[in-house]
């Protein structure tokens, strides 16, 4: 079957009824032009916009890596891999990033994938170790290129591109337009697809409000705001890693269940946190700007700027986590009376007056179970559902979102049933094997 004939089936697997305008435009442009720049905001579907044309460019039976996708963060690399796996293309994919076992990656690369995804530092390390043969790579995608530059990956990306003698196609994907494209990219006379303004029009549902903290210590006001918002998933942004942990600890001490997320956490901890936020076990996530883009997390109704970002781009990316594609959402700015309004906000947003009395938000009714097996153990979502239903006596509505990773799985279950469930299954086997199953902390 021709690759493009399989596109409707792929969209069905992804649960997407049809391509959006940006994806429809990107498909022939990337297929036909050697240099393409795709500009579109977070949450607009850029990943599929470049993966579909990449699929059409891959050739079955061709040895070696054919396409390399560079990502600034581990989370984004994993997210791209997940989308590719959901597409079920038949082409092998590997993902390489810092914090992942080098031995495991090297073993997987001994049978080269058609598609390789990774962070610049780790990919360069593999090239230098000769565990990747770069000569076969024909297509290069630089995803979230603006973020890669801001994170200081220029040298690694330049060294990688120098090591790719057979490149025929370069695709640069970014959420913001740069006036100058660095020469090391090798991109000349590009076809530019700018969908920033077109998609910004679809975020008309965003409302920005100001909440005044009477003192420089905004913690008590953050607590009151979350009590006002209630039990709805909320992203709370801070500027520094230490601030996320401090704000998270403060909320916990005041009785609001939450957790934090930033780039200083180790990879398993970051993955576990995102899983819990995606499945609703965690309602309040205090995060650095790492969570503002390039992560597979759900759209939320509320974004709180506990600390105001210095740059307008960061402000826009944070707000991009809500009010996407005609949905409604609100961004809240916590400010003390003497705090100057940032230059990117010419006028102060409308003031939100918080009620005098505070009612703690109800905790999430879900908790997350960790299972010590995954895809590499031949476990599937259906295996897990069947096991929990038959051996744990759970009903369909008692089981929430399930995520099966390579060597572990996570499943949301009703919190009030978790203890009884774990007792019922403690000596049971799934597909003939005993797995460790515990509540994720």
The alpha-carbon center of region 399-416 and that of region 302-367 are separated, in whole Å, by 30
Does region 204-335 classify as rounded, prolate or oblate by the C-alpha gyration tensor (a ≥ b ≥ c root eigenvalues; a/c under 1.5 gives rounded; else a/b over b/c gives prolate, otherwise oblate)? rounded
Counting only backbone N atoms under 14 Å from a point 7 Å out along Cα-to-Cβ of residue 424, the residues of region 276-314 in range are none
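If packing is taken as the average count of other Cβ atoms within 10 Å, what order do 349-358, 381-390 fall into, highest mean first? Don't skip to the end; give the middle numbers.
On the way: 349-358: 10.9, 381-390: 16.5.
Ranking, from highest mean packing down: 381-390, 349-358.
Calculated FRET efficiency, residue 382 and residue 339, Cβ-Cβ r, R0 56 Å, to nearest 0.05? If you can, show how the numbers build up before the last one.
On the way: r = 52 Å, r/R0 = 0.94.
The formula returns an efficiency of 0.60 here.
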With a/c under 1.5 counting as rounded, go ahead and sort the chain into rounded, prolate or oblate using the C-alpha gyration tensor (a ≥ b ≥ c being the square roots of the eigenvalues; past the cut-off, prolate if a/b is larger than b/c, else oblate). oblate
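I'd like the antiparallel share, as a percent to the nearest 5, of DSSP beta bridges with both residues in the chain. Numbers along the way, then the final one.
Details: 14 of 62 bridges.
If I count the DSSP bridges inside the chain, around 25 percent turn out antiparallel.
Could the peptides 228-235, 182-189, 113-120 be put in order, highest first, of the mean number of other beta-carbon atoms found within 10 Å of their residues? It would help to have the intermediate numbers written out before the result.
Values: 228-235: 17.8, 182-189: 13.5, 113-120: 24.0.
With the highest mean Cβ count within 10 Å placed first, the list reads 113-120, 228-235, 182-189.
Return the FRET efficiency for the residue pair residue 269, residue 189: r is the Cβ-Cβ distance, R0 is 45 Å, and the value is rounded to the nearest 0.05.
0.50
We did not get these values from a lab; they are worked out from the coordinates using the rules stated. In this text the structure is predicted, and so the values were computed from the model without any measurement. Backbone-built Cβ (ideal geometry, glycine too); neighbour counts: all protein chains shown.
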